[in-house]
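Take a look at the structure set out below.
The values are calculated or read from the model by the stated rules, or taken from the named source; none is laboratory data. Note that the structure is predicted; figures quoted are calculated from it, not measured. Quick reminder, even Gly has a Cβ in these numbers, built from the backbone with ideal geometry, and neighbours come from all protein chains shown. These area figures cover heavy atoms from the full protein model, side chains too; ligands, DNA and RNA do not enter into them. Shrake-Rupley method; radii C 1.70, N 1.55, O 1.52, S 1.80 Å.
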Amino acid sequence: MAENKLEFIISKDSSQRDIELDNMSVNAAQAFSVLLTAMINIVQLNNDPQGVKIQIKAGSAVLIAEGSEEQIEEIEQNFNDVIQYKSSNKDLVNGWREVQKLFHANGLEYAANIFKNDHKVSIFHTLKTSKKLRAKPVSYKIKSSIRFLTGKLIAVGGSNPNIHLEEVDGKRLTISCTENNAKKANKFLYEPIMISCWVKTGKDEHKYELCDSYWNKEPFNDFKSFMEDFVGTTNEIEQLKKLHYKCRSYLDVQNYGSFRKFIRLFIHDSTDVNVLKTILIITQAFKDHEKLGGMRNDMKTLFDKQMRIYRKRKENNKW
């Protein structure tokens with residue numbers, strides 16, 4: 001019967017002695033354990049893992065996952081997707097990355113092969129010489145924490161500045177804010193008010209932080225409508241295009257007052273870094289503008305902070 005299998009082998013230890021299953025060093029045993037776990041995970045992520053047999057053989061330390069031609073062909077295809085950075089399956093990529101990390105460790109001698117209908121293909125060199133395996137980023141849509149609320153302003157103040165809003169249904173919200181925003185909102189005390197705020201969702205509650213307040217319905221409804229469309233768009237690239245065109249609709253007619261209120265929606269730690277980058281690129285020519293320069297500097301500071309966090313995470317992910 002033709003062989004169809006995935007095979008991992010530890011052939012020699014750090015002293016270049018042949019590996020024996022009944023007499024392994026701690027180093028070799030640890031490596032064997034990693035390979036066994038990785039092989040099980042790789043097989044389990046097949047669409048049809050039933051019937052694939054895991055075997056351990058002597059004559060070096062040999063691990064084999066043997067199945068039908070179709071099952072091994074799927075393992076091979078999944079491997080090719082991972083090695084070409086086309087797979088977005090993080091569990092599968094992690095399984096192969098553990099094998100890759102092991103092959104980068106010094107001292108032991110390994111082999112890795114895929115057999116289909118007795119045809120042997122070595123994958124050891126491909127794994128060892130490839131860059132660190134990573135899952136393909138999944139296309140996603142940018143989420144927004146902005147909400148637009150209407151209600152009656154029933155209190156302003158506190159040692160930590162906040163406002164208290166009573167919504168139409170009687171629900172009362174406490175919304176944190178800056179002193180300047182509290183003074184601005186105080187003009188609406190005991191009156192109907194329209195506001196935008198950033199919302200942080202915790203385990204049992206929502207925390208609200210005031211973004212802006214509005215004197216009339218036109219900008220309030222316009223921004224609310226845009227953000228609903230923005231969040232409802234299913235692809236990040238399309239979202240950023242809509243953001244670009246919205247910004248240009250203000251800048252091209254020099255409507256800087258409305259543009260200031262619009263970009264204020266995004267000057268917050270919860271804003272996606274690609275949104276910040278898009279606005280910064282669009283406003284590059286306005287970095288010294290008397291009405292826009294200060295807000296753009298605030299956004300640039302926020303962008304730089306997020307990029308430092310990103311680079312630190314990336315640095316921690318290196319070999």
Per-residue accessible area, 1.4 Å probe, largest first, puts D272, D298, D288 in the order D288, D298, D272
Taking all protein chains together and a probe of 1.4 Å, list K184, K131 from the most accessible to the least accessible.
K131, K184
Tell me, what is the FRET efficiency for N41 and H119 to the nearest 0.05, using R0 = 30 angstrom and their Cβ-Cβ distance as r?
0.75
Shape of segment 150-213, Cα gyration tensor, a/c cut at 1.5:
oblate
Taking every pair of distinct Cα atoms and averaging 1/r, then inverting, what Kirkwood hydrodynamic radius in Å comes out for segment 23-159?
17.8
Can you give the accessible area of M307, probe radius 1.4 Å, in Å² rounded to 10?
40
Please give me, ordered by residue number, the trypsin sites (Lys or Arg not before Pro) of segment 32-104 that lie in loop per DSSP and have at most 13 other Cβ atoms within 10 Å.
K86
Each label sits 7 Å from Cα toward the beta-carbon; between I237 and Q77 the label points are separated, in nm, by 2.5
Y190/T301 FRET efficiency (R0 41 Å; Cβ-Cβ; nearest 0.05)
0.65
If you take the Cα Rg of segment 1-43 and divide it by 2.2 N^0.38 Å, with N the number of residues, what do you get?
1.34
Take H289 and D252, extend 7 Å from each Cα along the Cα→Cβ direction, and tell me the distance between the two endpoints in nm.
1.5
Which value at 222 nm does the chain reach when only helices count, each DSSP H run of 4 or more adding -39,500 (n - 2.57), with the total divided by all residues and rounded to the nearest 500 deg cm²/dmol?
-13500 deg cm²/dmol
Prolate/oblate/rounded call for segment 47-125, Cα gyration tensor, a/c under 1.5 rounded
oblate
Tell me, what ³J(HN,Hα) does each residue in segment 58-73 have, in order and in whole Hz, if you take phi through Karplus 6.51 cos²θ - 1.76 cosθ + 1.60 with θ = phi - 60° and put x for Gly and Pro?
7, x, 6, 9, 10, 10, 10, 10, 10, x, 6, 4, 5, 5, 6, 5
Return the sequence-ordered ³J(HN,Hα) values of segment 255-261 in whole Hz as given by the Karplus equation 6.51 cos²θ - 1.76 cosθ + 1.60 applied to θ = phi - 60°, using x for Gly and Pro.
8, 6, x, 5, 5, 4, 5
For segment 1-144: relative contact order, % (alpha-carbon pairs under 8 angstrom, 6 or more apart):
34
Given labels modelled 7 Å from the Cα in the Cβ direction, how far is it in nm from E166 to R308?
4.5
Round to the nearest 10 and report in Å² the accessible area of H125, as given by a 1.4 Å probe over the protein chains' heavy atoms.
130
If the label point sits 7 Å along Cα→Cβ of L21, residues of segment 91-116 with amide N under 19 Å come out as 109-113
Compactness ratio of the chain: Cα Rg over 2.2 N^0.38 Å, N = residue count?
1.47
